[in-house]
Every structure is written in C-alpha cells, then in structure tokens.
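Each remark here refers to the structure printed beneath this line.
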Amino acid sequence: VQLQASGGGLVQPGGSLRLSCTASGSIDNIYVMGWYRQVPGKQRELVAAINSGGFTQYGDSAKGRFVISRDKERNTVYLQMNSLKPEDTAVYYCKWSSRLYDYWGRGTLVTVSS
C-alpha cells in the first residue's frame, strides 16, 4: 500500500484546509485510516481516524473543528480542518492499517500563521 498525502499549506488563523490521502495497491485488508500530526520535539499524535465501518475517532485538539471522511470509490480519506489555530501548525501524516501492518504516507506541512 502506498499513500499520497496532499493539501497542506499556509493558512491564516480561523481559516480552513482540506487534506487528502489517496491509497494505491492492495487495500482489501485495511480496516482503519487516520491522520496524525507531529511538531519538532514532540511525539506524533492522533488527529482523527475512521474505520472500515465508518466509525470515527478524534483527538482532543480536533474535536468540533476537524472532520474525517472517506471516499471508497477514490480510495481517499480526507481531513477537513476548520477554525485553524497557530497551534495546529505541524506536519500531518496519514496512516492506513491492516491487522498486520501500518502504512504511512509522507507528511504534508500545515502552517497556520498571519
């Protein structure tokens, strides 16, 4: 499984961005897909995840502002980020997991600054 993340960039506080993570390869055994973020000196943290049944989970920082969704036809997971804050600045990574393996995409940088 290969993952291609995109959609990062520079946005002003209060603005929105939508990240995309598109998978290629054999994804039949994938059962959960998620977004994580990392800033220098800190551990990577969960932002949001969605499983094959559509159940979603959000990290505390994302609740009420971010929405994770999935387009099965396009093998793509989205992260809609609204009301962005400077503290949301980070490299965002997507991860798709089967029972045996985790697959990570390359990160996409999100910078929230005026």
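For region 86-108, what are the residues that are touching a strand residue (DSSP E or B) at 6+ places or on another chain (Cβ under 7 Å), under 18 Å from Gln4 (Cβ atoms) and either open to solvent by 50 Å² or more (accessible area, probe 1.4 Å) or among the small types (Gly, Ala, Ser) (or both)? Within region 86-108, Ser97, Asp102, Tyr103, Trp104, Gly105, Arg106, Gly107 meet the criteria.
When residues in region 1-40 are screened for being touching a residue at least 40 places away in the same chain (Cβ under 8 Å), closer than 18 Å to Ser97 by Cβ and in a loop (DSSP other than H, G, I, E, B), 5 of them pass. Residue pairs whose Cβ atoms lie under 6 Å apart, separated by 6 or more positions or on different chains, with the first residue in region 46-74 and touching a residue at least 12 places away in the same chain (Cβ under 8 Å) and the second crowded, with 17+ Cβ neighbours inside 10 Å and in a loop (DSSP other than H, G, I, E, B), are Val47/Ala62; Ala48/Ala62. If I filter region 21-36 for residues that are surrounded by fewer than 17 Cβ atoms within 10 Å (Cβ to Cβ), among the acidic types (Asp, Glu) and modelled with pLDDT of 95 or more, do I get at least one hit? Within region 21-36 (the criterion being surrounded by fewer than 17 Cβ atoms within 10 Å (Cβ to Cβ), among the acidic types (Asp, Glu) and modelled with pLDDT of 95 or more), the answer is no, since none of the residues qualifies. In region 41-71, how many are of a type in the set (Gly, Ala, Ser), more than 20 Å from Gly7 (Cβ to Cβ) and not in a loop (DSSP other than H, G, I, E, B)? Residues meeting the conditions: 0. When Val1, Val39 are screened for being surrounded by fewer than 16 Cβ atoms within 10 Å (Cβ to Cβ), farther than 15 Å from Ser83 by Cα and among the β-branched types (Val, Ile, Thr), only Val39 passes.
Results for (1) within 27 Å of Gly25 (Cα to Cα); (2) out of contact with any Phe, Trp or Tyr (no Cβ under 6 Å at 6 or more places or on another chain); (3) at pLDDT below 95, shown as yes or no for each residue.
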position: Gly53; (1), (2), (3): yes, yes, yes
position: Phe66; (1), (2), (3): no, yes, no
position: Ser69; (1), (2), (3): yes, no, no
position: Thr76; (1), (2), (3): yes, yes, no
position: Asn82; (1), (2), (3): no, yes, no
position: Lys85; (1), (2), (3): no, yes, no
position: Val91; (1), (2), (3): yes, yes, no
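Among the residues of region 50-85, which ones are open to solvent by 70 Å² or more (accessible area, probe 1.4 Å) and at negative phi? Once the filter is applied, which keeps residues that are open to solvent by 70 Å² or more (accessible area, probe 1.4 Å) and at negative phi, region 50-85 yields Gly53, Phe55, Gln57, Asp60, Lys63, Val67, Arg70, Lys72, Glu73, Arg74, Lys85.
Taking Ser113 as the residue in question, decide whether it is of a type in the set (S, T, N, Q) and without any contact (Cβ under 8 Å) to a residue 60 or more places away in the chain. When the stated conditions are applied, Ser113 does not pass them.
The values are calculated or read from the model by the stated rules, or taken from the named source; none is laboratory data. These figures come from a predicted structure and were not determined experimentally. Heads up, the Cβs are rebuilt from the backbone with ideal geometry, glycines too, and the neighbour counts pull from every protein chain shown. Accessible surface is based on the protein model in full, side chains and every heavy atom, while ligands, DNA and RNA are left aside. Shrake-Rupley method; radii C 1.70, N 1.55, O 1.52, S 1.80 Å.
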